[in-house]
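For reference, the structure discussed in these notes is given below.
The values are calculated or read from the model by the stated rules, or taken from the named source; none is laboratory data. Because the structure is a prediction, the values reported are computed rather than measured. Quick reminder, even Gly has a Cβ in these numbers, built from the backbone with ideal geometry, and neighbours come from all protein chains shown.
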Amino acid sequence: MISLHWFRQARSISFSVRHYVLLAALILYILLDPVFNGSPVIATTLGSILLLAAIDCLDLDKRTFLASRWFGVLVLALGWVVISMEHPVLQGVFAVIRVLFLAFVSGALIYQTAKAREVSLSVIVGAVDGYLLLGIIGAAAFHFAESLAPGSIQPPGGQDVFGNALYLSFVTLTTLGYGDFIPISNTAKTIAILLATTGQLYIAVLIALLVGKFASKQ
């Protein structure tokens with residue numbers, strides 16, 4: 001019984017550490033990817049680190065976990081294939097699959113955070129991870145819209161398309177709205193609407209839920 005208790009405690013600590021690892025990977029990606037976006041190798045390396053951290057952070061049943069892990073490995077491998085072949089169709093497929101996988105991870109993190117019985121520091125970090133992932137999902141979606149129809153984001157992205165998409169995504173998510181980059185195409189406008197709405201609902205619902213759980217324990 002004692003060994004089982006210590007095993008469960010060690011597993012809980014190990015899992016909580018993964019939230020911190022994912023947070024570090026997210027911060028690294030957000031800070032460095034726009035800077036090194038001109039280097040596909042560095043950008044893909046940062047994306048691979050983020051994907052690995054995201055895969056390891058999922059707390060799912062065995063079958064779903066294995067399926068999500070293979071899905072993540074597919075996205076990771078496809079990212080390296082894309083930079084080696086530079087095929088427009090392949091790039092579009094990769095963009096869609098990456099958005100779907102990150103959306104799945106973000107949804108899983110939000111669900112794990114919402115069902116937590118107690119509000120610990122690890123749970124709060126998990127909530128931050130989910131929010132930052134929403135910004136990266138938005139950036140990938142804006143980038144796809146711009147690649148599909150150049151001019152979807154104004155002013156034009158130039159060489160640093162993803163860096164500008166990342167900036168526009170977080171400005172939209174936080175409803176800051178400087179207005180220096182704006183969505184032009186209908187696809188980009190739809191992404192902006194979904195992203196802004198999701199950001200507000202995230203804070204209003206999930207954060208309020210965590211505060212309520214914390215207050216009830218006190």
The lone exception for Gly212 - which of (1) without any contact (Cβ under 8 Å) to a residue 12 or more places away in the chain; (2) within 23 Å of Val17 (Cα to Cα) it fails: (2)
Every residue from region 29-50 that is among the hydroxyl-bearing types (Ser, Thr, Tyr) and closer than 11 Å to Gly79 by Cα: Thr44, Thr45, Ser48
Scan of region 121-142 for residues that are of a type outside the set (A, V, I, L, M) and within 10 Å of Ile191 (Cβ to Cβ), ordered by number: Gly138, Phe142
Output for region 153-172, where each listed residue is free of Cβ contacts under 8 Å to residues at least 24 places away in the same chain and surrounded by fewer than 20 Cβ atoms within 10 Å (Cβ to Cβ): Pro156, Gly158
Selection from region 71-123 of residues that are aromatic (Phe, Trp, Tyr) and either more than 23 Å from His143 (Cβ to Cβ) or in a loop (DSSP other than H, G, I, E, B) (or both): Tyr111
Cross-chain or 6+ apart pairs with Cβ under 8 Å, region 30-51 first and among the aliphatic types (A, V, I, L, M), then part of a loop (DSSP other than H, G, I, E, B): Ile42/Phe36; Ala43/Asp33; Ala43/Phe36; Ala43/Asn37; Leu46/Asp33; Leu46/Phe36
Exclusive hit being closer than 21 Å to His19 by Cβ, of a type outside the set (Gly, Ala, Ser), at pLDDT 85 or above and in a helix (DSSP H, G or I), set Leu133, Leu166: Leu133
Yes/no for Leu209 being at pLDDT below 85 and either crowded, with 17+ Cβ neighbours inside 10 Å or not small (Gly, Ala, Ser) (or both): yes
Selection from region 185-206 of residues that are of a type in the set (Val, Ile, Thr) and modelled with pLDDT of 90 or more: Thr187, Thr190, Ile191, Ile193, Thr197, Thr198
Single match in Thr175, Thr187 (criterion: out of contact with any Asp or Glu (no Cβ under 9 Å at 6 or more places or on another chain), in contact (Cβ under 8 Å) with a residue 12 or more places away in the chain and part of a loop (DSSP other than H, G, I, E, B)): Thr175
Filter pass, Ala67 being at pLDDT 80 or above and either in a helix (DSSP H, G or I) or more than 30 Å from Lys115 (Cβ to Cβ) (or both): no
Filter result for Phe36 (at pLDDT below 80, aromatic (Phe, Trp, Tyr), surrounded by fewer than 16 Cβ atoms within 10 Å (Cβ to Cβ) and assigned to a loop (DSSP other than H, G, I, E, B)): yes
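Matching residues to (1) under 14 Å from the mean Cα position of the chain (by Cα); (2) in contact (Cβ under 8 Å) with a residue 40 or more places away in the chain; (3) surrounded by 17 or more Cβ atoms within 10 Å (Cβ to Cβ):
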site	(1), (2), (3)
Val89	no, no, no
Val99	yes, yes, yes
Ala103	yes, no, no
Gln112	no, yes, yes
Glu118	no, yes, no
Tyr131	yes, yes, yes
Ala141	yes, yes, yes
Gly151	no, no, no
